[in-house]
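The values are calculated or read from the model by the stated rules, or taken from the named source; none is laboratory data. Because the structure is predicted, anything quoted here is derived from the model rather than measured. Cβ placement follows ideal geometry from the backbone for every residue including glycine, while neighbour counts extend to all protein chains displayed. Remember, those area values only see protein heavy atoms, side chains included, never the ligands or the DNA or RNA. Shrake-Rupley method; radii C 1.70, N 1.55, O 1.52, S 1.80 Å.
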Amino acid sequence: MYEMVLRCPANAEAIEFCDLFIDSLSSFFAVLDRPALVLSVHEAIINSIEAVRKLCREHDDNTLTLFVRVGKEEVTIFVSDSANSLPVQAIENRRTKQLEDVLLEESGRGLLLMRELMDDIWVEPLENGTYALGMKMRR
Amino acid sequence: MKGNMPTIRIEATSTTFYEKISLKGKLVYSTQQAAKQTLIEIFKRATKDVYLWDVSELTFMDSTGLSVFVYLLKQETDKQKTFIFVVSDNETIEKLFTIAKFDKLFVFVKTERDAVRWLSRQQYFETVNG
């Protein structure tokens, strides 16, 4: 089993870096649906960056953390951020909503896409009292 | 510290029957705002009712990129505009459009020739030619 933790500034550059990181990792570990994994993590990173942008001040420690565990049968990802604004309610709402329901909406599609592309997504309580967005995909 | 940032190239041409817009690169969080502005300008100059989107060379798109098309469609709803997407062999982009259920909003074809055939079936050309 491999475990990796990436802590980076919560900005647009991090999205590109995490895309490359997950793409390389998926290639190395022969993840079956590589584009789906890259896009799901990409969407989670966008959510974190948006949360930090809205809720944190400029001089705060504005970071996001990407944790990846590659096991024999599945890849597990956790994304958390310094805003700790994980919209638990939004995720719960998204459990009942379908992508058809947001067809003409200009936001709120990211979590639904993640749910379609991954085998599972959930809210993971962390030891320090904050939360991470968890997701899992079979290799 | 500055890493490689994604880019998008947009080319627009006006044909006899439709406005053709080619997107090349990445339509994502970092590029969607600039892309939207460019496309708004193209739409202002457009004179046809059909927009043919060539997305065959779009290498990556996220939810914010998808939203650009929704935004543009909503600007045009009162004008009876049709959006046709040419996906070619770009399976990743085609799959994303399908997952997002965009086939309920737009027309998807493999080639530009298929798009012309689709328009013929809709008797679009007769309408345009009067």
A drop of at least 50 square angstrom in accessible area, chain alone versus all protein chains together, probe 1.4 Å. Which residues of the stretch B:94-123 meet that? B:99, B:101
Largest-first ordering by accessible area, 1.4 Å probe, given options A:2, B:18, B:71, A:131: A:2, A:131, B:71, B:18
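Anything over 21 Å Cα to Cα? Flag those among B:79/B:110; B:44/B:81; A:54/A:97; A:97/B:26, in the order listed. Provide the component values of the computation, followed by the final result.
On the way: B:79/B:110 26 Å; B:44/B:81 13 Å; A:54/A:97 24 Å; A:97/B:26 27 Å.
Result: B:79/B:110; A:54/A:97; A:97/B:26 exceed 21 Å.
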Describe numerically, in nm with one decimal, the distance between label points set 7 Å from Cα along Cα→Cβ at residue B:15 and at residue B:111. 1.2
Between residue B:50 and residues 5 or more places away or on another chain, the pairs with built amide H atoms under 5 Å apart involve B:19, B:82
Net charge, residue B:33 excluded, C-beta distance under 14 Å - Lys, Arg +1, Asp, Glu -1: -1
Please compute the modelled spin-label separation between residue A:20 and residue A:4, points set 7 Å along Cα→Cβ, answer in nm with one decimal. 1.2
Mind grabbing the interface size between B and A? I mean buried accessible area, both sides, 1.4 Å probe, in Å² to the nearest hundred. 2300
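Of the accessible area of chain B, with the probe set at 1.4 angstrom, what percent is carbon plus sulfur? Spell out each step's value before the answer.
Values: 3160 of 6780 Å².
The C+S portion of the solvent-accessible surface of chain B is 47 percent.
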Work out from phi, with θ = phi - 60° and the Karplus expression 6.51 cos²θ - 1.76 cosθ + 1.60, the ³J(HN,Hα) of each residue of the stretch A:9-25, listed in order in whole Hz, and give x for Gly and Pro. x, 7, 9, 4, 4, 4, 4, 4, 5, 5, 4, 5, 4, 5, 5, 5, 4
Check which residues have an amide H placed less than 5 Å from residue A:74's amide H, if you skip close sequence neighbours. A:139
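At 1.4 Å probe radius, can you tell me the per residue accessible area of chain B in Å²? Let's see the in-between values first.
Numbers: 6780 Å² over 130 residues.
Per-residue value: 52 Å².
Full-extension gain between residue A:127 and residue A:55, please, as 0.36 nm times their residue separation minus the C-alpha to C-alpha distance.
Details: separation 72, 0.36 × 72 = 25.92 nm, distance 2.17 nm.
Extending this stretch completely gives an extra 23.7 nm.
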How far apart, in nanometres, would the label points at residue B:80 and residue B:101 be if each is projected 7 angstrom from Cα along the Cα-to-Cβ direction? 2.8
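In the stretch A:2-138, what percent of the accessible surface is made up of carbon and sulfur (1.4 Å probe, ligands and nucleic acids excluded)?
50
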